[in-house]
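A.B. asks: Provided herewith is a single structure, encoded as structure tokens, for subsequent inquiry.
The values are calculated or read from the model by the stated rules, or taken from the named source; none is laboratory data. Bear in mind the structure is a predicted one, so any value in this text is a computation, not a measurement. When we count neighbours, we look across all protein chains shown, and the Cβ atoms used for this are built from the backbone with ideal geometry, even at glycine. When the accessible area is computed, the model is the full protein with side chains, heavy atoms only, and any ligands, DNA or RNA have been set aside. Shrake-Rupley method; radii C 1.70, N 1.55, O 1.52, S 1.80 Å.
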There are 2 protein chains.
Amino acid sequence: MKKKTTIHDISKALKINSSTVSRALNNSPRVSQKTKDLIQKKAIELGYQKNILASNLRTNKTNTIGIIVPRISRTFFSSVISGIEETAYNAGYNVVIGQSLESFEREKELVSTLLSNRVDGLLISVSMGTTNYDHLSNFKTNGGPIVFFDRPITMLDTPSISIDDYEASYNATKHLIKNGCKNIVHFSGFQKIALYKRRTEGYVAALTDNDIPIRPEYILESQLSEADGIEMAKKVLKLPKVDGIYSSNDTAAISAMQHFKKNNIKIPDDIAIVGFNNDPISAAIEPNLTTINQPDVEMGIIASSLLIELIKKTIKTPSEHSKTLGTELIIRQSSQKL
Amino acid sequence: MKKKTTIHDISKALKINSSTVSRALNNSPRVSQKTKDLIQKKAIELGYQKNILASNLRTNKTNTIGIIVPRISRTFFSSVISGIEETAYNAGYNVVIGQSLESFEREKELVSTLLSNRVDGLLISVSMGTTNYDHLSNFKTNGGPIVFFDRPITMLDTPSISIDDYEASYNATKHLIKNGCKNIVHFSGFQKIALYKRRTEGYVAALTDNDIPIRPEYILESQLSEADGIEMAKKVLKLPKVDGIYSSNDTAAISAMQHFKKNNIKIPDDIAIVGFNNDPISAAIEPNLTTINQPDVEMGIIASSLLIELIKKTIKTPSEHSKTLGTELIIRQSSQKL
């Protein structure tokens, strides 16, 4: 039996890259008519015609991917989105974005909007307010595949791309201890979010491994907004002898720093600080903020490549493609006591 | 003849606010079944039934608004979007967002995606690469109304909500002159964008009014990215005796500042700097950056309220609703020479 002709064969025969071939066969407006004619002629010549038909038959597709994030204004999410868009665009998909603003209601409405827009698949970082996943199960049944990113969720046949939050927190806390901190406050997000829970666990483990007692009053929980950072800074100043802070994001770390600076608290000498996310502002503020860099763009690329494979059904066991990415502690001035 | 029953009458009779009444009558999932029953019963009782039918008949609506911006990661755009979303959400609309990344091609594809998603209307700040508006005319004909924001465009029956760029630039440049600057460089965006052209005109006018000659080599044109800021800073250091910079955005102003700081140029004593946008980073960097604050959230609220009125056809002369908003010069350390 003759081997099936693939896009790769046409690509080789014409010395045209395979994504262009694929686009031409899908009649994408991005390929010139001249190139399309050339490719379609070669496809027929090599016996690819049957697959073209199959592909047209198969596709009730819109070539659109939906993204839902808590907030587009967070640098981390806009960077993930840029990774998603590059990958999607190069594969011939457009991208529409919605933000839940951490609200379960809004997330449900967005999922239902994207469903009625017939997007081919969904990339989502669920809101802090989300309490069940029926809306996502419904999307999977009636819409298309889902890939979770950043905030991993356990759902049948649905992979998650996230970072190793435990390890990142452990390293950040250990770094503060190495720099002489003994009374370290932790700015935490809400513990019902798995990601924040694991960050707290990393903090607790680093203290325990270094024989530092865990004091529950040193773990401050909030949405980690700018205003929360100021509130938590005020609480820190009422606690005895705090000499370090590990914050689960840069936003809260930076507004706390600004509050401390106004109150003549010296950073890092009085209080050393480590943030999370490596927002651009962390490198601009003085002293520069030590923080954790996440592979945000890479996360977007991996998540969207995976989603596109799921849309194309080239993957049979989605859950096996979940991935945990490493992070990097970027040591700057805010944490290095003299 | 009996006066027509309005939503307001039902609202008053039941002491339930009118947006809830409106949602209930549109069978929104956001209103509980119990409240819906109550409202619908009262609506029939007061003779509102006929309007419900009319409303159902009228709507081939998706209750979704599309937004297209150049970049969601720019603080200005994410703030406008938050203003749009609040207004839209309260009026019962969901919002989907696309970013053009300043590319005409991407913008065209996004408009076509939103058109096939049957969004009810479009809010757009056009890309720097956009050279004609056929895609937008097409959307208007086959989709729904459009409101431009930030970057005004002249198009029949299509209003623009923007700021007074000329005045903002004039004030920024005058402020530098008042602080002793005589050789002021202008970081400009591309002149084919009306907004940047008007900012340059404001700069030129302020110099002229103060008898300072215009030197074309002092006007540097770029996309105003972080990298552009560094390149322009290098050019500034090769120009003779520059003592001030007025930049059309904070991004370029801040990366230029960082380059100057590395090269021991004192800000503001050697070179005073004014930016544009009031990005959060402008208040965090040292010295703090003097900048222009735009009413970004307000722009979003006004643009989306207007779009919703256009969708509902309650406005007959759209172009008359174009609006120019005022700005505010926020004076910080970077521009005040001793």
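A.B. asks: Could you pull out the residue among A:Glu226, A:Glu231 that is open to solvent by 70 Å² or more (accessible area, probe 1.4 Å) and touching a strand residue (DSSP E or B) at 6+ places or on another chain (Cβ under 9 Å)?
C.D. replies: Result of the check over A:Glu226, A:Glu231: A:Glu231.
A.B. asks: If only one of A:Ile219, A:Ile212, A:Ile245 is touching a residue at least 24 places away in the same chain (Cβ under 8 Å) and within 14 Å of A:Val274 (Cα to Cα), which one is it?
C.D. replies: Result of the check over A:Ile219, A:Ile212, A:Ile245: A:Ile245.
A.B. asks: May I ask you to list the residues in the range A:211-238 that are within 24 Å of the chain's Cα centre (by Cα) and at positive phi?
C.D. replies: Hit for the range A:211-238 is A:Leu224, nothing else.
A.B. asks: Is it the case that the range B:258-269 has a residue that's under 29 Å from B:Thr324 (Cβ atoms) and of a type outside the set (Ser, Thr, Tyr)?
C.D. replies: Looking through the range B:258-269, none of the residues is under 29 Å from B:Thr324 (Cβ atoms) and of a type outside the set (Ser, Thr, Tyr).
A.B. asks: Within the range A:137-149, is even one residue facing chain B (nearest Cβ under 10 Å) and under 23 Å from B:Arg71 (Cα atoms)?
C.D. replies: Checked against the condition, which is being facing chain B (nearest Cβ under 10 Å) and under 23 Å from B:Arg71 (Cα atoms), the range A:137-149 yields no hits at all.
A.B. asks: Cβ-Cβ distance below 7 Å, separation of 6 or more or different chains: which pairs start in the range B:65-93 with a residue that is farther than 20 Å from B:Ser282 by Cβ and open to solvent by less than 10 Å² (accessible area, probe 1.4 Å) and end on one that is of a type outside the set (Ser, Thr, Tyr) and part of a loop (DSSP other than H, G, I, E, B)?
C.D. replies: If the second residue must be of a type outside the set (Ser, Thr, Tyr) and part of a loop (DSSP other than H, G, I, E, B), the pairs left are B:Ile65/B:Val119; B:Ile65/B:Asp120; B:Gly66/B:Val119.
A.B. asks: Please find, within the range B:277-333, the residue that is nearest to B:Asn90 (Cα to Cα) out of those that are part of a strand (DSSP E or B) and of a type in the set (Val, Ile, Thr).
C.D. replies: Ranking the qualifying residues of the range B:277-333, first place goes to B:Thr324.
A.B. asks: Given (1) modelled with pLDDT of 75 or more; (2) open to solvent by 50 Å² or more (accessible area, probe 1.4 Å); (3) not in a helix (DSSP H, G or I), where does A:Ile16 come up short, assuming only one miss?
C.D. replies: (2)
A.B. asks: Go through (1) open to solvent by 10 Å² or more (accessible area, probe 1.4 Å); (2) at pLDDT 90 or above and name the single condition B:Gly129 misses.
C.D. replies: All conditions pass for B:Gly129, except number (2).
A.B. asks: If we keep just the residues of the range A:189-205 that are farther than 19 Å from A:Thr291 by Cα and either touching a Ser or Thr at 6+ places or on another chain (Cβ under 7 Å) or outside any helix (DSSP H, G or I) (or both), which is most open to solvent (accessible area, probe 1.4 Å)?
C.D. replies: A:Lys192
A.B. asks: Let me ask something else about it. Give the residue, chosen from B:Thr208, B:Thr113, that is at negative phi, open to solvent by less than 20 Å² (accessible area, probe 1.4 Å) and in a helix (DSSP H, G or I).
C.D. replies: B:Thr113
A.B. asks: Has the range A:170-179 got at least one residue that is outside any helix (DSSP H, G or I) and more than 23 Å from A:Ile254 (Cβ to Cβ)?
C.D. replies: Taking the range A:170-179 as the starting set, the residues that turn out to be outside any helix (DSSP H, G or I) are A:179.
Cutting the leftovers down to more than 23 Å from A:Ile254 (Cβ to Cβ) gives us none.
Scanning the range A:170-179, I find no residue that is outside any helix (DSSP H, G or I) and more than 23 Å from A:Ile254 (Cβ to Cβ), so the answer is no.
A.B. asks: Would you say B:Lys34 is open to solvent by 60 Å² or more (accessible area, probe 1.4 Å) and assigned to a helix (DSSP H, G or I)?
C.D. replies: When the stated conditions are applied, B:Lys34 passes them.
A.B. asks: Suppose we keep only residues that are surrounded by fewer than 23 Cβ atoms within 10 Å (Cβ to Cβ) and touching a Lys or Arg at 6+ places or on another chain (Cβ under 7 Å) within the range B:288-308. Which one would you say is farthest from B:Lys178 (Cα to Cα)?
C.D. replies: B:Ile302
A.B. asks: Hey, another quick one. Any chance you could count how many residues in the range A:223-249 are in contact with a Ser or Thr (Cβ under 8 Å, 6 or more places away or on another chain) and either within 13 Å of A:Gly189 (Cβ to Cβ) or not assigned by TED's automatic domain parsing to the domain that holds A:Tyr196 (or both)?
C.D. replies: Residues that pass the stated criteria total 7.
A.B. asks: Would you tally the residues in the range B:265-316 being farther than 25 Å from B:Thr75 by Cα and either among the polar types (S, T, N, Q) or within 14 Å of another protein chain (Cβ to nearest Cβ) (or both)?
C.D. replies: 1
A.B. asks: Among the residues of the range A:83-106, is there at least one that is basic (Lys, Arg), in contact with a His (Cβ under 6 Å, 6 or more places away or on another chain), in a helix (DSSP H, G or I) and within 14 Å of chain B (Cβ to nearest Cβ)?
C.D. replies: no
A.B. asks: Return a yes/no flag: does the range B:239-262 have any residue that is on the phi > 0 side of the Ramachandran plot, within 14 Å of chain A (Cβ to nearest Cβ) and buried (at least 19 other Cβ atoms within 10 Å of the Cβ).
C.D. replies: Within the range B:239-262, none of the residues are on the phi > 0 side of the Ramachandran plot, within 14 Å of chain A (Cβ to nearest Cβ) and buried (at least 19 other Cβ atoms within 10 Å of the Cβ).
A.B. asks: For A:Leu122, work out the one condition from (1) within 18 Å of the chain's Cα centre (by Cα); (2) away from every other protein chain (no Cβ under 14 Å); (3) not β-branched (Val, Ile, Thr) it doesn't fulfil.
C.D. replies: Unmet for A:Leu122, out of (1) within 18 Å of the chain's Cα centre (by Cα); (2) away from every other protein chain (no Cβ under 14 Å); (3) not β-branched (Val, Ile, Thr): (2).
A.B. asks: Take the residues of the range A:161-188 that are among the hydroxyl-bearing types (Ser, Thr, Tyr) and surrounded by fewer than 22 Cβ atoms within 10 Å (Cβ to Cβ): which is farthest from A:Glu309 (Cα to Cα)?
C.D. replies: A:Tyr170
A.B. asks: Quick one: A:His186 ticks every box in (1) assigned to a helix (DSSP H, G or I); (2) touching a strand residue (DSSP E or B) at 6+ places or on another chain (Cβ under 9 Å) bar one, so which box is it?
C.D. replies: The single condition A:His186 does not satisfy is (1).
A.B. asks: How many residues does the range A:69-82 hold that are of a type outside the set (Ser, Thr, Tyr) and within 10 Å of chain B (Cβ to nearest Cβ)?
C.D. replies: Here the count works out to 6.
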